């Protein structure tokens, strides 16, 4: 059994990116520049954005953080997006989600220049990914594909079962795994809240990608020996032994499932670190045009 | 066993559209207008476009056919698309595929105003469909969903197996069937050329959508009793008894499969007629804005 070390892989990739940026600067080029818009003071969002800014530093990128209060108007936000779209010094930018309820998230996303949409949330990037055209793939699925590639997990002809049908994980993950590509070429089954027999279907899987957000959902009896299990879940569960009072728990009952697997990602330290890493890869790609 | 009569359903829908157009005109409005660009003289393309023009007539739409010779330049084609994008008298238009090899199909598709892209091929429409936003869904999957709806085929919690992963049928079909919608809410498995055990997977299916383009691929032993079978295949096979020398054959061995099914579509007369019908529905939608 191999534990897929997302933290280590992410660190390696960031080093590779930093080396490339170093070379660009040695040749007289400027560093890639990622901007982030953060609205309000949600704890989770603050942490995510702080981690993204930190990762930019590790990659040698320039980063900008643009803050708005909770009561910012949609118009003001769209104005800022327009400014970033037009700023040749900004290669890519993200708007940290979720946004306050009075703002139409989809309208905001669609306002982003698709060529700067390093989160890959703009419909045109979603569509390009589906068709198999070059574009920006959303960070979590892209990070998982990168882990499968770097760990040499065989995917061709394998049966991948994706648990969850969200727009940012389940659906793009399914599309990427079925594409005529490597990693890819899987038979793909997507299960979700309306699937009556998830347990049986998981037992048929060579690869399980769990993205339901239900802690410990995937139990030992659902995994066949030699399967690869990718855990996208990151739910905060109470933990009195921690100073914070909580810890992250994945969708997989890791302690009992791990020994049956060929490959498995832990939580934390699996898919999570790769997500920010994908954002860095997308930013470098945006920079290169 | 119910044979899903696509020809009859398509005729009904066209009547419904014609009634709506009639009402629009009675109120002093102009008729919806679909334009089609046809390059060259491929027999299949000529037939498809002629059928689309005919369907426009049945729906009370205005139609325009714009022809170019095989040697038209990409620039000239893009110019024409720009003209149609800007023409307020044209609600929607299509560029009949395939195009000659010297023309970049994706570049042509991306030049179409997404709000006039009634074929639903533009990446932004593909992405919107995936995310579940309003937009134009490509004709064949949209037509299949309409058949499932009108025949009251239960989809929620059912296992749908899609054979084929093409951009215009397999992938969008899978996405539509898994959406939180009705029809929809299926567990969806996508099989393709790299799937080693298609037979076994089909045996688990409540709904099979066959879009491989392999005549007679789905045989009786692959279908479980009570399944719904949707046949998207339309391959021309030699037939000496016909004047034309050929007949259309689907991906399903209809004669032996039909009796096991709850619902099945024939070829011809199943999915085929619905495809053009979807284009008409999309055109009316484009007209309404």
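The values are calculated or read from the model by the stated rules, or taken from the named source; none is laboratory data. Every value quoted in this text rests on a predicted model; they were computed, and no experiment measured them. Positions of Cβ are generated from backbone atoms using ideal geometry, with glycine treated the same way; all protein chains shown enter the neighbour counts.
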Matching residues in segment A:150-185 - criterion: being part of a helix (DSSP H, G or I) and closer than 24 Å to residue B:166 by Cβ: A:170, A:171, A:172, A:173, A:174, A:175, A:176, A:177, A:178
Any hit, segment A:17-26, residues being assigned to a helix (DSSP H, G or I), within 21 Å of the chain's Cα centre (by Cα), modelled with pLDDT of 95 or more and not assigned by TED's automatic domain parsing to the domain that holds residue A:146: yes
Test for residue A:125: is it closer than 30 Å to residue B:105 by Cα and either within 14 Å of chain B (Cβ to nearest Cβ) or crowded, with 19+ Cβ neighbours inside 10 Å (or both): yes
Filtered residues of segment A:182-203 (kept if within 9 Å of chain B (Cβ to nearest Cβ) and in contact with a strand residue (DSSP E or B) (Cβ under 7 Å, 6 or more places away or on another chain)): A:186, A:187, A:188, A:189, A:190, A:191, A:195, A:198, A:201
Selected residue [within 14 Å of chain A (Cβ to nearest Cβ) and within 30 Å of residue B:175 (Cβ to Cβ)] from B:109, B:103, B:94: B:109
Segments classed as strands (runs of 3 or more DSSP E), wholly inside segment A:201-287, with at least 3 members that are touching a helix residue (DSSP H, G or I) at 6+ places or on another chain (Cβ under 7 Å), buried (at least 20 other Cβ atoms within 10 Å of the Cβ) and free of Cβ contacts under 8 Å to residues at least 60 places away in the same chain: none
Which numbered condition residue B:187 misses (of (1) in contact (Cβ under 8 Å) with a residue 40 or more places away in the chain; (2) surrounded by 23 or more Cβ atoms within 10 Å (Cβ to Cβ)): (1)
Test result for residue B:92, buried (at least 19 other Cβ atoms within 10 Å of the Cβ), farther than 22 Å from residue A:134 by Cβ and modelled with pLDDT of 95 or more: yes
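For residue B:147, are the conditions met, namely being in the same structural domain as residue B:223 (by TED's automatic domain parsing), within 29 Å of residue B:260 (Cβ to Cβ) and either without any contact (Cβ under 8 Å) to a residue 40 or more places away in the chain or assigned to a loop (DSSP other than H, G, I, E, B) (or both)? Walk me through how you get there before you give the answer.
Working: in the same structural domain as residue B:223 (by TED's automatic domain parsing): yes; within 29 Å of residue B:260 (Cβ to Cβ): yes; either without any contact (Cβ under 8 Å) to a residue 40 or more places away in the chain or assigned to a loop (DSSP other than H, G, I, E, B) (or both): no.
It is false that residue B:147 is in the same structural domain as residue B:223 (by TED's automatic domain parsing), within 29 Å of residue B:260 (Cβ to Cβ) and either without any contact (Cβ under 8 Å) to a residue 40 or more places away in the chain or assigned to a loop (DSSP other than H, G, I, E, B) (or both).
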Matching residues in segment A:63-77 - criterion: being within 22 Å of residue A:273 (Cβ to Cβ) and surrounded by fewer than 18 Cβ atoms within 10 Å (Cβ to Cβ): A:65
Members of segment B:143-181 that are crowded, with 20+ Cβ neighbours inside 10 Å, within 13 Å of chain A (Cβ to nearest Cβ) and more than 17 Å from residue B:126 (Cβ to Cβ): B:155, B:158, B:159, B:160, B:161, B:163
Odd one out for residue A:188 among (1) in contact with a helix residue (DSSP H, G or I) (Cβ under 6 Å, 6 or more places away or on another chain); (2) not in a strand (DSSP E or B): (2)
Test for residue A:119: is it surrounded by 14 or more Cβ atoms within 10 Å (Cβ to Cβ), closer than 19 Å to residue A:46 by Cβ, in contact with a strand residue (DSSP E or B) (Cβ under 9 Å, 6 or more places away or on another chain) and within 14 Å of chain B (Cβ to nearest Cβ): yes
Subset tally (residues that are over 17 Å from the mean Cα position of the chain (by Cα) and at positive phi) for segment A:93-139: 1
